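Here the structure comes first, spelled out in structure tokens, and everything after it is commentary.
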Amino acid sequence: MSEPEQNDKKQSDRWFPIFCAVMVVLLLLNTFVVKLAVVDGRSMYPTLHDRQLLLVLRPGYQPKLGDVVVIHTGVGIFNRDYIVKRVIATEGQTVKIDYDLNEVSVEDVTLEEPYLNFEEGDPMLPRDERSVVSDTVPEGCVFVMGDNRNHSADSRSEKYGMIDKSRIVGRVVLPVLP
């Protein structure tokens with residue numbers, strides 16, 4: 001082997017352990033600290049867009065009113081479906097949805113929701129014949145809704161209902177790509 005070939009081999013031998021260490025660090029960060037997630041659908045429009053890449057903060061997260069979170073649904077192929085929704089209420093709080101007034105209130109305080117999608121007219125059509133729905137969030141759960149209420153499967157649906165806090169992956173801290 002010529003001297004230049006030996007130098008190239010030595011260089012590549014030096015970079016391999018560094019590459020492995022970087023990959024391990026990235027894997028650990030993704031598992032325990034931050035996660036990358038991708039929005040699938042338009043349930044959070046106009047706040048988030050379909051196929052938008054998100055940075056999700058994981059450790060020690062406690063849900064708070066208004067936070068946008070990623071939730072592991074426990075359904076889907078290989079049990080790997082996730083949804084992105086906004087926390088509307090936490091355990092013990094009573095949520096009241098008035099579809100006629102397009103208002104959501106928590107503990108009788110109407111939420112200001114400038115993030116709702118008004119582009120298609122009425123931002124919150126009723127899901128059934130009731131114009132007012134009220135529910136109290138059970139212990140260990142949160143009530144979530146999408147910002148595009150007419151196109152969101154969320155805590156109002158039988159599919160998801162109240163979300164157990166253990167299913168929350170983390171809080172969206174930053175949309176990475178538009």
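Apart from one condition, Ile88 fits all of (1) more than 20 Å from Ile168 (Cβ to Cβ); (2) in contact with a Phe, Trp or Tyr (Cβ under 8 Å, 6 or more places away or on another chain); the exception is (1). Taking the conditions (1) surrounded by fewer than 17 Cβ atoms within 10 Å (Cβ to Cβ); (2) in contact with a strand residue (DSSP E or B) (Cβ under 6 Å, 6 or more places away or on another chain) in turn, Arg171 satisfies each one other than (1). Of all the numbered requirements in (1) hydroxyl-bearing (Ser, Thr, Tyr); (2) modelled with pLDDT of 95 or more; (3) under 26 Å from Val39 (Cβ atoms), Thr136 misses one, and that requirement is (3). Being closer than 21 Å to Arg42 by Cβ, in contact (Cβ under 8 Å) with a residue 12 or more places away in the chain and of a type in the set (A, V, I, L, M, F, W, C): is that true of Val142 here? So Val142 does not fit the description; no.
Taken together, the residues in segment 118-139 that are in a loop (DSSP other than H, G, I, E, B), surrounded by 12 or more Cβ atoms within 10 Å (Cβ to Cβ) and touching a residue at least 40 places away in the same chain (Cβ under 8 Å) amount to 2. Of all residues in segment 37-61, exactly one satisfies the criterion of being loosely packed, with under 13 Cβ neighbours inside 10 Å and touching a residue at least 24 places away in the same chain (Cβ under 8 Å), namely Pro59. I need the full set of residues from segment 73-117 which are open to solvent by 80 Å² or more (accessible area, probe 1.4 Å) and either at pLDDT below 85 or closer than 21 Å to Gln62 by Cα (or both), in order please. Once the filter is applied, which keeps residues that are open to solvent by 80 Å² or more (accessible area, probe 1.4 Å) and either at pLDDT below 85 or closer than 21 Å to Gln62 by Cα (or both), segment 73-117 yields Ile77, Phe78, Arg80, Tyr82, Glu107.
The values are calculated or read from the model by the stated rules, or taken from the named source; none is laboratory data. Not measured: the values here are computed from a predicted model. Note: ideal-geometry Cβ built from the backbone for every residue, glycine included; neighbour counts use all protein chains shown. Ligands, DNA and RNA are stripped out before the accessible areas are found, and what is left, the full protein with its side chains, is counted by its heavy atoms. Shrake-Rupley method; radii C 1.70, N 1.55, O 1.52, S 1.80 Å.
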